[in-house]
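Throughout, read-outs are computed from the coordinates displayed, never taken from laboratory work. Because the structure is a prediction, the values reported are computed rather than measured. Every residue, glycine among them, receives a Cβ derived from its backbone with ideal geometry; neighbour counts consider all protein chains shown.
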Amino acid sequence: MKNISIEFPGVKALTNVSFTIESGTIHALVGANGAGKSTLMKVLAGAHDHYTGEILFNGRSVNIRTPRQAIELGVAVVYQEVDMALVPYLNVAENVMLDVMANEMGRRQFINWKEIRATARKFLKMVNLDLDVRMLAQDLSLADKQRVLVARALAGNSRFLILDEPTAPLSQTETEELFNLMRDLAQNQNVGIVFISHRLPEIFEICDTVTILRDGEVVTEQPTSSFTQKQIIEHMLGRRFDETYPKHDVEIGETIFEIRGLTEADRAVKDINLSVRAGEIVGVTGLVGAGKTELCKTIFGALPIGSGEMRLRGQKLNVKSPHTAVTQGIALVPEERRKEGVLVEEPVYTNLSASSLQKFSNMFHFINKKAERASARKLITDLGIRTPSERQKVAFLSGGNQQKVAVGKWLVADADVYVFDEPTKGVDVGAKHDIFELIGQLAGQGKGIIYASSEIPEILGIADRTMVMYDRTIVKELITAETTEEEILFFSAGGN
Ligand SMILES: Nc1ncnc2c1ncn2[C@@H]1O[C@H](COP(=O)(O)OP(=O)(O)OP(=O)(O)O)[C@@H](O)[C@H]1O
Ligand SMILES: [Mg+2]
């Protein structure tokens, strides 16, 4: 890709970016949220047609302006928003074979479904996915959806595979499996792979070369081995940075929130006992699938309570839905932000006030747009949300910036208890720091915080106490200052 530039209304997303992928290698594309990584890869995938610059294949100029042209040149993308790439109402086999089928349809009169399913199974096996290929895509977990997309790339015989933050929803084991698959594709099948991730250790583990983008421009490109993590971060952010957790000296008060014997109606979580004191950050950790998200959702009324109770300042709560949770003082920053956390078709400012409209309306229930927008602008600055204005549609923000909006909307909500489910997934190191800073401030205001994450270093950095989940229940409570990553892993894996 040579001198690629692209603009959107109010945003210069890429300026003269040159980027080369070599067959048989794994190339990291890193940069802060909004730096232009996904946009560059969308250009390569034919998703944008209004860029300037040139794309060359084996030294020969090629025309990529539509997805079909990109696919024909062997470019396959697993997008950051996996939901957008899958056709939810088609089944797994059809999703895997989508590109192949589109090609065949032109030539053949009918489709041999049995053959389609058998071939799909073959590719699913290559990505270690064992499921009924007649399941609908919409019923898959995030990790599985992703594998279906990699399988689709394999089925299309791709020469270039672009993985845009593929590891964000994966567990450690799943990540390792994906890495093995990537290594195999690069080494044995000569595929050129672009890997986008905010987790720097992954870059060092799997990538040969690193290209760093900042504000839509290439800062540098070097072999991975010539960088340290710290250097990469500083190139990304354009400033010095210490990856520490902002320590807030918060006085921890009385217990404000208590959960006793909580079991979800279908036992997605069971026998949960947990208490949170004012100003306290309680970490909830465990492997992917241990029940963290289900616990967060049950507390928030997004999953039905089977038995047990929750109390806020001693008062028994009656949570029957997210709405009733909010009115009783509970806020959730959910994991699947595009589906549950933000209204993508709405502007940034309405999203940032969606959970606190009372605050902005007068006694006649008119919304005070001016106050709403001013408050949004403050949050945009505090969280460093990259957007041309508060009026931008959330759909047009980069993935990480959408996540910041999902977090930000609750910071004006005046809840008593804040539940965060993997809030830093997909956000860059600088923004992570800002989010920790804000959570620290909430704790400073005497709020109770429940912080669910499978990133143990984060839990160790931010939580006062840590609850370890295994098999849908809490198996261990640890004082964070007195525990270690190894101990947490031991209990997460079911040790006792
Ligand atoms: N369709 C669009 N309309 C308007 N602005 C857009 C559009 N697509 C991208 N942008 C803007 O271009 C910039 C680059 O976005 P991009 O999604 O490429 O960032 P990114 O590096 O992938 O970030 P992240 O790490 O958060 O995923 C951002 O400011 C984004 O808001
Ligand atoms: Mg992106």
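Which aspartates and glutamates have a Cα lying under 15 Å from the Cα of Lys393, excluding residues fewer than 8 positions away in the same chain?
Glu345, Glu346
Can you give the relative contact order of the chain as a percent, counting alpha carbon pairs under 8 Å and 6+ residues apart?
16 percent
With charges only on Cβ, +1 for K and R and -1 for D and E, what is the dipole size of region 2-237 about its Cα centre, in debye, rounded to 20?
660 debye
Which angle between 0 and 90 degrees, to the nearest 10, do you get for helix 172-189 versus the longest principal axis of the chain when only C-alpha atoms count?
Relative to the chain, helix 172-189 is tipped by roughly 10 degrees.
With the cut-off at 29 Å, tell me which of the pairs Lys316/Lys370; Lys114/Lys425; Lys316/Lys432; Lys125/Lys270; Lys297/Lys432 have Cα atoms farther apart than that.
Violating the 29 Å limit, Cα to Cα: Lys316/Lys370; Lys114/Lys425; Lys316/Lys432; Lys125/Lys270.
Taking the Cα centre of region 255-492 as origin, sum charge times position over the Cβ atoms of Lys and Arg (+1) and Asp and Glu (-1), and report the length of that vector in debye to the nearest 20.
Dipole magnitude for region 255-492 comes out near 1080 debye.
Per residue of the chain, what 222 nm ellipticity follows from adding -39500 (n - 2.57) for every DSSP H run with n ≥ 4, rounded to the nearest 500?
It lands at -10500 deg cm²/dmol.
For helix 98-107, report the angle its Cα long axis makes with the longest principal axis of the Cα atoms of the chain; keep it between 0 and 90° and round to the nearest 10°.
30 degrees
Give me the percent of DSSP beta bridges within the chain that run antiparallel, rounded to the nearest 5.
If I count the DSSP bridges inside the chain, around 50 percent turn out antiparallel.
Using a 7 Å offset from the Cα along the Cα-to-Cβ direction at both Arg239 and Glu217, what is the distance between the two label points in nm, to one decimal?
Between Arg239 and Glu217, the label points sit 1.8 nm apart.
Report the per residue volume, in Å³, of the convex hull enclosing the C-alpha atoms of the chain.
163 Å³
Using the alpha-carbon atoms, what tilt in degrees (0 to 90, nearest 10) does helix 369-383 show relative to the longest principal axis of the chain?
Compared with the principal axis, the helix lies near 70 degrees.
I'd like the distance between the alpha-carbon centres of region 220-274 and region 420-434, rounded to an integer number of Å.
Taking the Cα centre of region 420-434 as reference, the centre of region 220-274 is 7 Å away.
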